[in-house]
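See below for the structure under consideration.
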Amino acid sequence: MAQLQTTDFMDWSGSFDDQEIMIQNTAHDWVQERFMPTIRSHYQAGTFPMELVPEMGELGFFGANLPETYGCADINNVAYGLIMHELERGDSGLRSFASVQGALVMWPIWQYGSDEQKQKWLPKLASGELIGCFGLTEPGHGSDPGGMVTRARKDGDNYVLNGAKMWITNSPLAHLALVWAKDEQDVVRGFLVERGTPGFETPEIRGKLSLRASVTGEIVLQDCRVPAKNVLPNIQGLRGPLSCLTQARYGINWGAVGAATDCYEEALDYAKSRIQFDQPIAGFQLTQQKLAEMVNEITKAQFLTLQLGRLKDRGEMHHWQVSLTKMNNVRMALEIARSTRTILGASGIVDEYASMRHANNLESVLTYEGTHEIHTLVVGNQITGIEAFR
Amino acid sequence: MKIVVCVKHVPDTETKVAIGDDGKSLNPAGVKYILNPYDEFAVEEALKLNEADGDGEVIVVSVGPEAAQSSIRTALAMGADRAVLLTAEESALMDGVSIAQVLAEEVKTLEADVILTGKMAIDDYGYQVGSMLGELLNLPVLSTARELTISDGKATIVRDIEGGKETMEAPLPCVITAEKGLNEPRYPSLKGIMQAKKKPIEMKEAALTDGGFEILEMTYPPEKPAGRIVGEGPEAAAELVRLLRDEAKVI
Ligand SMILES: Cc1cc2nc3c(=O)[nH]c(=O)nc-3n(C[C@H](O)[C@H](O)[C@H](O)COP(=O)(O)OP(=O)(O)OC[C@H]3O[C@@H](n4cnc5c(N)ncnc54)[C@H](O)[C@@H]3O)c2cc1C
Ligand SMILES: Cc1cc2nc3c(=O)[nH]c(=O)nc-3n(C[C@H](O)[C@H](O)[C@H](O)COP(=O)(O)OP(=O)(O)OC[C@H]3O[C@@H](n4cnc5c(N)ncnc54)[C@H](O)[C@@H]3O)c2cc1C
């Protein structure tokens with residue numbers, strides 16, 4: 001199988017099997033040929049290329065590691081990670097779309113849903129016919145979601161939801177929202193709220209300077225009546241949303257390596273062809289140092305992430321390992337994006353080049369799905385046995 | 001319909017190839033291989049024909065080293081049903097006649113309605129195998145198709161000719177070679193890739209005969225000499241014209 005010709009200083013891809021390589025190639029080729037021609041205009045306009053959603057569904061990019069019974073491809077977690085790597089090489093907004101759909105909406109329905117919920121929603125989410133979103137964060141509760149104030153009151157065969165969710169990827173586009181709220185016993189439960197339910201509104205958040213090719217909104221719930229059969233039956237407590245985040249962060253960790261690689265390759269190309277002081281700037285020690293640091297960081301992140309994937313495939317991955325990898329990879333990618341921008345000089349500030357778009361996107365990635373600081377505290381907690389959140 | 005597609009495993013166009021120590025073969029080290037792009041058009045067309053039909057079978061046949069399985073898997077992941085790999089050493093694969101003979105022997109046994117292949121392989125630029133296959137099977141050949149329709153037991157193709165288009169028709173079974181533009185090959189879907197793992201590839205040794213020719217030598221193209229700037233602005237035009245006429249002799 002012909003491996004992708006990309007940054008691979010230590011034969012990282014040498015341990016991929018034929019399926020993994022073929023899957024990475026499919027995702028890579030699709031992103032480069034179908035998505036990249038659209039990104040600049042969508043980024044400027046603050047929109048997502050919705051016309052590509054059916055193709056993504058057809059190719060199997062949504063919930064790709066879930067079983068075939070629900071129309072998914074049932075690929076392993078390394079191959080899944082490679083898809084995220086290629087999507088985010090394109091744009092973090094593209095990877096975010098797939099992460100939310102697959103890891104934050106499909107995965108919890110598959111893991112915690114009833115048979116009826118699975119049959120009803122999963123195939124349509126897999127094909128992209130339906131779009132989902134995940135509502136955990138609130139205006140007053142971000143890093144500390146356990147403090148959420150969104151409430152669900154039981155009323156006969158329904159729950160009545162009241163509250164507001166903030167910074168919700170895809171909420172304005174979604175047909176289905178998985179909303180986390182506390183019931184009358186103060187237990188966090190997951191509710192599948194369908195578009196069109198009275199009292200469910202999703203205003204868009206405007207003015208973002210990051211992740212512009214991804215639509216972000218609020219979820220406003222005002223006496224929103226949801227049938228009790230739309231509650232995820234098999235999960236109670238904060239562990240529910242946190243376990244979903246572990247799935248999504250797993251994909252982010254691969255994605256960050258993809259974004260970093262795109263930047264590094266841009267920096268390398270540019271440095272080899274840009275002449276100043278009568279020679280390519282790649283020939284200056286200061287530039288070589290930047291490039292060498294980049295390839296060093298990417299190489300380390302590749303192996304860290306691959307190990308995480310092999311652990312997940314063996315069913316041995318722990319959430320603190322995901323936290324450590326997110327800490328490492330996202331910061332690494334952000335630094336590489338910024339460093340690439342400097343190598344590009346003034347060219348680096350226009351959208352003909354990708355690094356500044358990646359850098360801006362990665363500011364969101366550094367914050368969402370657990371901020372860099374919170375993941376540091378998760379790792380700190382794991383190694384010391386002492387919680388330092390409060 | 002039963003459609004046979006003949007495919008070849010070739011070095012990726014993006015790979016920098018190096019000449020081997022013997023000076024007459026490629027050094028395989030570090031070379032990445034892909035499904036020959038023209039054969040990809042042929043596979044896509046076969047799949048489309050059968051999808052329109054609602055049934056049928058697409059069988060991929062290749063002559064190549066065991067490593068060619070990876071390119072065959074690409075065709076299977078796109079949707080072909082099964083494959084036959086006639087194994088041969090890489091070094092024995094330069095002669096179009098012997099490859100066409102081996103393919104013809106195999107294709108005969110498959111009794112296909114249509115035989116598709118790329119117009120050429122991008123490694124040796126032979127342009128031979130498709131046409132020879134038709135000859136050896138005693139079937140009509142429609143070459144370099146940019147459009148293909150099949151109805152009433154006939155294949156009709158449109159191909160580009162100097163300054164226009166030509167429409168040709170032949171009764172089935174026949175051999176059709178694919179030109180760029182025939183279609184947009186699909187991306188293998190993840191499900192397709194997973195299913196490809198379970199599809200059979202039958203392996204047999206190819207009985208290749210000695211080719212009618214021998215490769216004597218391979219050399220790199222000469223280094224391009226540095227360009228020359230004859231001057232700047234309108235004053236330079238006359239000198240440029242003189243050089244193009246007297247020195248380069250192109251005008
Ligand atoms: C583009 C985008 C998309 C998003 N999509 C979604 C989505 O789909 N669904 C969803 O539910 N949420 C989503 N979020 C929300 C995201 O998860 C939150 O922004 C994140 O959890 C941080 O919360 P906050 O913004 O309220 O920051 P805060 O929690 O207010 O944090 C502010 C700062 O304080 C620091 N901090 C907080 N607590 C501590 C502590 N104990 N010790 C040290 N430092 C601390 C943080 O690290 C941070 O630097 C998205 C966010 C963005 C930007
Ligand atoms: C928004 C904006 C407004 C501007 N306005 C003006 C203006 O009004 N007037 C004007 O004249 N210019 C203006 N500039 C141009 C600006 O001054 C140049 O961008 C700057 O001098 C860098 O040049 P460059 O972009 O060509 O990068 P390059 O010189 O190509 O540099 C590319 C990279 O190579 C590095 N590099 C270059 N040489 C070496 C070396 N010897 N050793 C190590 N590293 C090296 C640089 O530090 C940089 O990281 C503007 C630029 C911007 C972005």
Pick from region A:189-212, criterion touching an Asp or Glu at 6+ places or on another chain (Cβ under 7 Å) and within 11 Å of ligand 1 (Cβ to nearest atom), ranking: farthest from A:Gly146 (Cα to Cα): A:Ser210
Taking region A:120-138 as the search range and keeping residues that are more than 8 Å from ligand 1 (Cβ to nearest atom) and assigned to a loop (DSSP other than H, G, I, E, B), which one is surrounded by the fewest Cβ atoms within 10 Å (Cβ to Cβ)? A:Glu129
Positions within region B:1-30 being within 14 Å of chain A (Cβ to nearest Cβ), touching a helix residue (DSSP H, G or I) at 6+ places or on another chain (Cβ under 8 Å) and in a loop (DSSP other than H, G, I, E, B), in sequence order: B:Lys8, B:Thr13, B:Pro28
List the residue pairs whose Cβ atoms are under 7 Å apart, where the first residue sits in region A:305-317 and is part of a loop (DSSP other than H, G, I, E, B), the second is aliphatic (A, V, I, L, M), and the two are 6 or more positions apart or on different chains. A:Met317/A:Leu308; A:Met317/A:Leu311
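If you check A:Gly63, A:Gly46, which single one turns out to be buried (at least 20 other Cβ atoms within 10 Å of the Cβ), under 19 Å from the mean Cα position of the chain (by Cα) and not aromatic (Phe, Trp, Tyr)?
When all the criteria are applied, what remains is A:Gly63.
Does A:Glu316 qualify as being more than 30 Å from A:His141 (Cα to Cα), within 14 Å of chain B (Cβ to nearest Cβ) and more than 12 Å from ligand 2 (Cβ to nearest atom)?
no
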In the set A:Leu192, A:Leu209, A:Leu178, which member is under 23 Å from the mean Cα position of the chain (by Cα), at pLDDT 95 or above and not in a strand (DSSP E or B)? A:Leu209
Just wondering, is there one or more residues in region A:258-271 that are within 14 Å of ligand 1 (Cβ to nearest atom) and either outside the structural domain of A:Ser171 (by TED's automatic domain parsing) or under 30 Å from A:His28 (Cβ atoms) (or both)? no
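Quick check on region B:96-116. Is at least one of its residues over 29 Å from B:Ala155 (Cβ atoms) and among the hydrophobic types (A, V, I, L, M, F, W, C)?
No, that holds for no residue.
Answer with yes or no whether A:Val350 is over 25 Å from A:Gly46 (Cα atoms), of a type outside the set (D, E, K, R) and modelled with pLDDT of 95 or more.
No, not satisfied.
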So which residues in region B:140-160 are within 18 Å of the chain's Cα centre (by Cα) and of a type in the set (D, E, K, R), if there are any at all? B:Arg146, B:Glu147, B:Arg159, B:Asp160
Check region A:143-151 and report whether any residue there is of a type outside the set (Gly, Ala, Ser), more than 13 Å from every other protein chain (Cβ to nearest Cβ) and outside any loop (DSSP other than H, G, I, E, B). yes
Restricting to region B:182-239, give me the number of residues that are outside any loop (DSSP other than H, G, I, E, B), surrounded by 11 or more Cβ atoms within 10 Å (Cβ to Cβ) and in contact (Cβ under 8 Å) with a residue 40 or more places away in the chain. 8
A:Met10 fails exactly one of (1) surrounded by 17 or more Cβ atoms within 10 Å (Cβ to Cβ); (2) away from chain B (no Cβ under 14 Å), namely (1)
Subset of region B:157-177, residues in contact with a helix residue (DSSP H, G or I) (Cβ under 9 Å, 6 or more places away or on another chain) and part of a loop (DSSP other than H, G, I, E, B), comes to B:Pro173
If you check A:Ala79, A:Ala73, which single one turns out to be touching a helix residue (DSSP H, G or I) at 6+ places or on another chain (Cβ under 8 Å), farther than 17 Å from A:Leu306 by Cα, crowded, with 24+ Cβ neighbours inside 10 Å and within 14 Å of chain B (Cβ to nearest Cβ)? A:Ala73
Can you spot a residue in region A:297-319 that is more than 21 Å from A:Ser13 (Cβ to Cβ) and within 16 Å of ligand 1 (Cβ to nearest atom)? yes
Breaking point among (1) modelled with pLDDT under 95; (2) assigned to a strand (DSSP E or B); (3) of a type outside the set (D, E, K, R), for B:Ile59: (1)
Take A:Gln5 and decide whether it is more than 11 Å from chain B (Cβ to nearest Cβ), of a type outside the set (A, V, I, L, M, F, W, C) and over 16 Å from B:Pro188 (Cα atoms). no
Go through region A:152-162 and report how many residues are among the charged types (D, E, K, R) and either within 16 Å of ligand 2 (Cβ to nearest atom) or in a loop (DSSP other than H, G, I, E, B) (or both). 1
Would region A:252-263 turn up any residue that is within 16 Å of ligand 2 (Cβ to nearest atom) and within 20 Å of A:Ile349 (Cα to Cα)? yes
Scan region A:360-390 for residues that are hydrophobic (A, V, I, L, M, F, W, C), assigned to a helix (DSSP H, G or I) and either touching a residue at least 40 places away in the same chain (Cβ under 8 Å) or within 10 Å of ligand 1 (Cβ to nearest atom) (or both) and report the count. 7
Could you look through region A:334-359, keep only residues that are free of Cβ contacts under 8 Å to residues at least 12 places away in the same chain and assigned to a helix (DSSP H, G or I), and pick out the one that is farthest from ligand 1 (Cβ to nearest atom)? A:Ala346
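The values are calculated or read from the model by the stated rules, or taken from the named source; none is laboratory data. None of the values given here were measured: they were computed from a predicted structure. Don't worry about glycine lacking a Cβ; one is built from the backbone with ideal geometry, like all the others, and counts go over all protein chains shown.
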